[in-house]
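Chemist: What follows is a single structure, and I will ask about it in a moment.
Any read-out appearing in this document is the output of simple, stated calculations on the displayed coordinates, not a laboratory observation. All values derive from a computational prediction rather than experimental measurement. Here Cβ is always computed from backbone atoms with ideal geometry, including for glycine, and neighbour counts include all displayed protein chains.
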Ligand code: HMG
Ligand code: MG
């Protein structure tokens, strides 16, 4: 394996001096959840736990661990309670989980969770496929979850999927997406993660949505971005969001990921690719890239296929 330290790359050369980029980015690592929810290979609970341990050891501090969803809908994550029971919890590391409804919240609370994310859809078609609910019904399902979680002092993130278009309804209208995002924050979510679930967005669309959100009173400090890399646009979209002031970015170690309810959703932005760009821009993130690449090479061996990340393949010898 090639060491990034030995290469002395990427060079810190912030290419853009006309805008202020954030000094530090929080990486919200979704590999163990968004990555593994879509795998046909059965990954044992011990391997998942070790994956999370290694990600934390590589310096990642927000590790989305699993989902308390219906095990019939997502059998890959049916072991959520077992996973969390013996999960090492290093100080300063968060392990948020996805929760769709009160049943999921009850299970999460029982497992000792203090940090959850609800996940809404910006389109009717995906709401029905992913949640078995219409747009309005999804808010009714989330309302008691967010209220109870906040009353209990828990942290609550709101995901909004299909923010730039979906496979059934085509391109999304930024004004309606922004209104849906506003609604999640009004429910009590502290942070809004904008999902390009099928990876179709390009930078102009990202700019347009961020402007619509600003017009709805949503600040960039409340926003995270969640890009999938289906069409190779995830990094340019992320860069666009950073230039607009966003400083929380979702990504997945090794580029694992997808959504079982949207066939055209492929891998997430790879955390290694993100880290390479942040290093080049001189933006702090706290991650040891070599340790992370080692982890993704190790996980690729468990999955029996190479990582989708360009950086993992360049540094990890294409494992
Ligand atoms: P439903 O079938 O309408 O639910 O599913 P229901 O309330 O009618 O219940 C049916 C059965 O499921 C009942 O069991 C419930 O107890 C059980 P039965 O009585 O028949 O034996 N059940 C549960 N069991 C355990 N935990 C629960 C739970 N809820 C119900 N929480 C539901 C509705 C929302 C539950 C279902 O549609 C579901 O689980 N959906 C999850 C889909 C999912 O996880 N998708 C992937 C995550 S979203 C994503 O990846 C996008 C994101 O990454 C951002 C982006 O990329 O855009 C976040
Ligand atoms: Mg996703």
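Chemist: What's the exposure ranking of 176, 251, 121, going from fewest to most Cβ atoms within 10 Å?
Modeler: 176, 121, 251
Chemist: Right, another one. Which FRET efficiency value, to the nearest 0.05, is calculated for residue 150 and residue 216 with the Förster distance at 25 angstrom and r the Cβ-Cβ distance?
Modeler: Computed FRET efficiency for residue 150 and residue 216 comes out at 0.75.
Chemist: Suppose each label sits 7 Å from its Cα in the direction of the beta carbon; what would the residue 168-residue 202 distance come out to in nanometres?
Modeler: According to this spin-label approximation, the distance is 2.7 nm.
Chemist: Compute the distance in nm between two label points, each set 7 Å from the Cα along the Cα-to-Cβ direction, one at residue 50 and one at residue 89.
Modeler: In this crude spin-label approximation the distance works out to 2.4 nm.
Chemist: Considering the stretch 154-294, what Rg and Dmax in Å follow from its alpha-carbon atoms?
Modeler: Taking only Cα atoms of the stretch 154-294, I get Rg and Dmax of 14.6, 43 Å.
Chemist: Same structure, new question: Using all alpha carbons of the chain, what is the percent of pairwise distances in each 20 Å bin, ordered from the shortest bin to the longest?
Modeler: Whole-percent P(r) values from 0 Å outward: 35, 60, 5.
Chemist: For the chain, what is the percent of antiparallel DSSP beta bridges, rounded to the nearest 5?
Modeler: For the chain, the DSSP antiparallel bridge percentage is about 10.
Chemist: Report the FRET efficiency, 1/(1 + (r/R0)^6), for residue 73 and residue 106, where r is their Cβ-Cβ distance and R0 is 22 Å, rounded to 0.05.
Modeler: Efficiency, rounded to the nearest 0.05: 0.85.
Chemist: Right, next: Could you tell me what percent of the DSSP beta bridges with both partners in the stretch 114-171 are antiparallel, to the nearest 5?
Modeler: 20
Chemist: When N is the residue count of the stretch 63-217, what does its C-alpha Rg come to as a fraction of 2.2 N^0.38 Å?
Modeler: Dividing the Cα radius of gyration by 2.2 N^0.38 Å gives 1.05.
Chemist: Given R₀ = 25 Å, what would the calculated FRET efficiency be for residue 236 paired with residue 57, taking r from the Cβ atoms and rounding to 0.05?
Modeler: 0.25
Chemist: Whole Å is fine, so just give me how far the alpha carbon centre of the stretch 43-78 lies from that of the stretch 150-192.
Modeler: For the stretch 43-78 versus the stretch 150-192, the Cα centre distance is 23 Å.
Chemist: Can you tell me how the stretch 212-284 classifies by the Cα gyration tensor, rounded, prolate or oblate, using a/c under 1.5 as the rounded cut?
Modeler: oblate
Chemist: Tell me what the chain gives for mean residue ellipticity at 222 nm when only DSSP H runs of n ≥ 4 count, each as -39,500 (n - 2.57), the sum divided by the residue total, rounded to 500 deg cm²/dmol.
Modeler: Only helices count here, giving -12000 deg cm²/dmol.
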